[in-house]
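Written out below as structure tokens is the structure these notes cover.
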Amino acid sequence: MILNYSQPLEVTNLTSWLDSTLRGSLSEFWVLLIEFVIVGALLLAAYAVIALILIYAERKITAFFQARFGPNRVGKWGLLQSVADMIKILLKEIVKINRSDRFLFFAAPFFMIVASMLTFGAIPFGKALHAIDFNIGVLYVTAVSSLGIIGVLLAGWSSNNKYSMIGAMRSGAQFVSYELSAGFALMTIVVLAGTMQFSTMIEGQRYCWNIFNGHISSMIAFVIYLISGHAETNRGPFDLPEAESELTAGYHTEYSGLQFGFYYLAEYLNMFIIASIATTVFLGGYLPIQVKGWVDFNGIMDYIPSYVWFFGKTAVLIFLSLWVRWSFPRLRIDQLLNLEWKYLLPINLVNIVLMVILVLTGLTLTDLLPGIF
Amino acid sequence: MRIDQRNKKTFDIYNIMENIKKLILNTVPTAVIEEKQKLTVTVTFDKLHLLAKTLKENAALPFDFLVKLIGVDRGEELGVNYLLCSSTDLSKELVLKTGTTDRENPLLYSITDLFETAQYNEREVFALLGIRFINNPDMRKFFLNADWVGYPLRKDYDANPELNPLSLESVDMIDIAPRITENEKGELVEDTVNIFGEDDYIINIGPQHPSTHGVMHFRTALDGEIVKKIDVHSGYIHRGIEKLSESLTYPQILHFTDRLDYLSANINRHGLCMAVEKAAEIEVPERAQYIRTIMDELNRIDSHLLAWACQTNDLGATTAFIYGMREREIILDIFEKTCGGRLIINQNVVGGVMFDIYNEFQKDVKSFIIYMRDKLKEYDRFFSHNVIALGRMVTIGVLSKEDAINYAVTGPAGRGSGWSCDIRKHIPYALYDKVDFKEIIRTEGDSYARYLNRLDEIEESLHIIEQLIDNVPEGDICAKVKPIIRLPEGEYYSRVEACRGEFGVFIESRGDKFPYRLKFRSPSMALVSAMPLICQNEKVSDFIGIGGSMDYVIPDIDR
């Protein structure tokens, strides 16, 4: 009762009201069908809208780093720039490439966008804003997000372009390598949390986020996850598959119009997905900052809706990623693989063992200081 | 005391050159030695290789730096002038001349085995004058297509467009090079060589590519990510400036120099003005010299900033690129206020400069110096010690000092290889003998040395400007020059330090108002000629990074 009163902006009420209204007049099958369609449509819409917002935000933030203005012509402060770009990209001709593998060429962008869409669907955006809550959520996300690489490899192979081919090969090597690190970093936290389900994992972080709970080990896992997640999105110092100054545009050189748009959207969304998984796993997801015993403080924090917390934390991580991207020069392929196989992976393996020891010997913060955390 | 020293120095030079003359006559007794603007030695074509070799291997003063290789249609014969100088002292110069009277099938001996830089220059001479060089391993035409009819720089060239119609057909690249070699029996053998192997994976980097800094075409054989071999194709924007110049007066030609290396436009123009002034014996007013020197150094900072920016961009750091552009903008504004132009500023004219500095010039430049020093520190913090940047530059693309001399790589790149090759120090012109500045030399020879050299040279340029800016004397900005300048008959050379290395001008005049032959030495061509050497066995990403560190400008190569 108190919770309902203190959180008027949560969507829990809305969803339960919708569910009960539908159930009042329809059979179980139709209720589920309608709800699935609504959820699907909302996710698709959110996907596009978040991408547009991210593109705008990145351009503005980059401009700020680079002593420029960024988009400022279309709409107030250039707010409509992304929309205008999207309309342009929809209207653009889809160029057909001679002597390319037509079927694979057209199929490739779908792999990319479907993979990132599948991952996107499993993210808990807030209370009652969680489409699928698997009991193996972490595993599912890791598995599905790595499908995207098929799209990249196919694009490189089918384009009949040597630049695309080199880009795709680089991307393959990079993705396989860094997926390992990202996976292990998440597994470290799974050891700590004792669950793979996102909702349980979030609830477990009410008073102590995982990043603090496992102190040393969690911190290492967090840093590794950020690095490898960043590498998986093909951005920043790890943008070798595109490597604009070397390979013109890498694997998507030959794509135009909407197909290019798919890659473009997927790139931005992957950045968001990586940040949101990091938020969920390490930073307490959509939960507000809560301190044991501070009832008033907790109440005030709780007043801020959960999705605001989620997007706020994610935005901080995205900003970090942009900051890195626009500060560093690009790595070379051998340096990139060295970093992964000679440094990150061994550290990661040791780190998992360390985490197991921490959990078994009761050295996590919740075990050490149960009164505070 | 000073006079004594100067006399001693003059006497030493005299002595050294006397020794060289003796050496030449000992090697080739038939050589004709003339004292012109430079010591000129004419030999028959079969003796040239021997003489060049002897001069190169002369221990006391090795003439191991081939500055210019100039093909000339002398009318009765087709000839080549070689401007040699010593890598230890660039002011010791010597011109070798040779030629052949056979206009149907002109053949000369190549000196590619002695000076690698001769390779592309000989190919250029073949394309433009039709002289083939025996023992040059690759006698394809440089700049022009293999099927081009006629040799443009010959005086009897037929420029009728019907002979060379504009073709819109796609033409395959042919990687087979003809060559002509002399075997042990002294017979000439003509055959062909394949540039690439049968199974090479060849990728075209250029002519349209974001990191070739212009329309440059590198045919690159890759083994995975590793560069096996590079074949340079040039000439996509060849405009025939040297040919055009032969029918224009000297003040008209000035405008072409800005369009060679557009980033050191003012310095190039300075070079040509100097050549004409020297030949016509025009005295440049003191004030003009000050303005020229200051503008040259501003131009150098401008160019080095762009080079820095582009190099960081080639390495994938877009933000650094924008920072370089931001600082450069201020210099461009100063240029614009002075003479209306930003990139191509049309400032130098024969006899002085066209526009006087504006009232606030000193104030603007001085505030820029303070600002720029601050920004140099920022560059240092932001990029120079970044661990990824270091990994992409240190020990990458190493060019040894011997190779730098052999390929005639001058400028920041040559000095990054430990070669003291700054014309401003060796053969001071304008006011460079009156100002105090350091020649930045690093011995590592890698991309990072070239990178740091540029940043340090910006600081030195600021220092030079600082010494001059408050002392600009009053007076004329331009000497009185006739609208049509006739140069007395002769051959005139001038050499200046452009932003990418030594820029040189050669004018052969026959007393007319037009030059008989005009040749520009392009520093970028030497830089590009070294690319296949230093990029071999590097990764393809590093090939781009090395290209950025060499900082060549394409219109300068193509001319």
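List of remarks:
- Out-of-range pairs (alpha-carbon distance over 20 Å; input B:Lys68/B:Lys141; B:Lys56/B:Lys97; B:Lys229/B:Lys539; B:Lys36/B:Lys92; B:Lys141/B:Lys243): none
- Going from the fewest other Cβ atoms within 10 Å to the most, the residues B:Thr312, B:Thr318 appear in the order B:Thr318, B:Thr312.
- Ignoring lysines fewer than eight residues from A:Lys88 along the same chain, the ones with Cα atoms less than 25 angstrom from its Cα are A:Lys60, A:Lys76, A:Lys96.
- From its DSSP helices (H runs of at least four residues, each -39,500 (n - 2.57)), chain B gives a residue-normalised ellipticity at 222 nm of -12500 deg cm²/dmol.
- Dipole in debye (nearest 20) - the protein assembly as shown, about Cα centre, beta carbon charges: Lys, Arg +1; Asp, Glu -1: 1300
- The alpha-carbon atoms of segment B:241-558 define a convex hull whose volume equals 118 cubic angstrom per residue.
- For B:Lys363, the lysines whose Cα falls under 30 Å of its own Cα, not counting residues fewer than eight places away in the same chain, are B:Lys337, B:Lys375, B:Lys377, B:Lys425, B:Lys434, B:Lys438, B:Lys480.
- Based on Cα contacts under 8 Å between residues 6+ apart, segment B:241-558 shows a relative contact order of 28 percent.
- Across chain B, Cα pairs under 8 Å and at least six residues apart give a relative contact order of 16 percent.
- Given charges at Cβ of Lys, Arg, Asp, Glu: chain B dipole, positive-most of B:Ser541, B:Trp148, B:Thr88: B:Thr88
- Protection-proxy order for peptides A:68-77, B:78-87, B:451-460, each taking the mean of Cβ atoms within 10 Å per residue, highest first: B:78-87, B:451-460, A:68-77
- Charge dipole of the protein assembly as shown about the Cα centre (unit charges at C-beta), most positive-ward option of B:Val72, B:Val189, A:Met117: A:Met117
- Taking only Cα atoms of segment A:90-237, radius of gyration then Dmax in Å: 18.3, 59
- Look at the alpha carbon pairs under 8 Å that are at least 6 residues apart: their mean separation over the length of segment B:2-125 gives a relative contact order of 21 percent.
- Charge context of B:Ile322, other residues only, Cβ under 12 angstrom, K/R +1, D/E -1: +1
- Cα-based equivalent ellipsoid, segment B:2-125: semi-axes from gyration tensor eigenvalues, Å: 28, 15, 13
- Cα convex hull of chain B - mean projected area over all directions, nm²: 26.7
- HN-Hα J in Hz across segment A:224-234 - Karplus 6.51, -1.76, 1.60, θ = phi - 60°, x for Gly and Pro: 4, 5, 4, 5, 6, x, 4, 5, 5, 7, 6
- Rounded to the nearest Hz, the phi-derived 3J(HN,Hα) couplings of segment B:396-408 under the Karplus curve 6.51 cos²θ - 1.76 cosθ + 1.60 (θ = phi - 60°) are 9, x, 6, 10, 6, 4, 4, 5, 4, 5, 4, 8, 6, where x marks glycine and proline.
- For the protein assembly as shown, the orientation-averaged shadow of the C-alpha convex hull comes to 48.5 nm² (one quarter of the hull surface).
Quick note: the coordinates plus some simple rules give every number you see, no bench work behind them. Source: prediction; values computed, not measured. Heads up, the Cβs are rebuilt from the backbone with ideal geometry, glycines too, and the neighbour counts pull from every protein chain shown.
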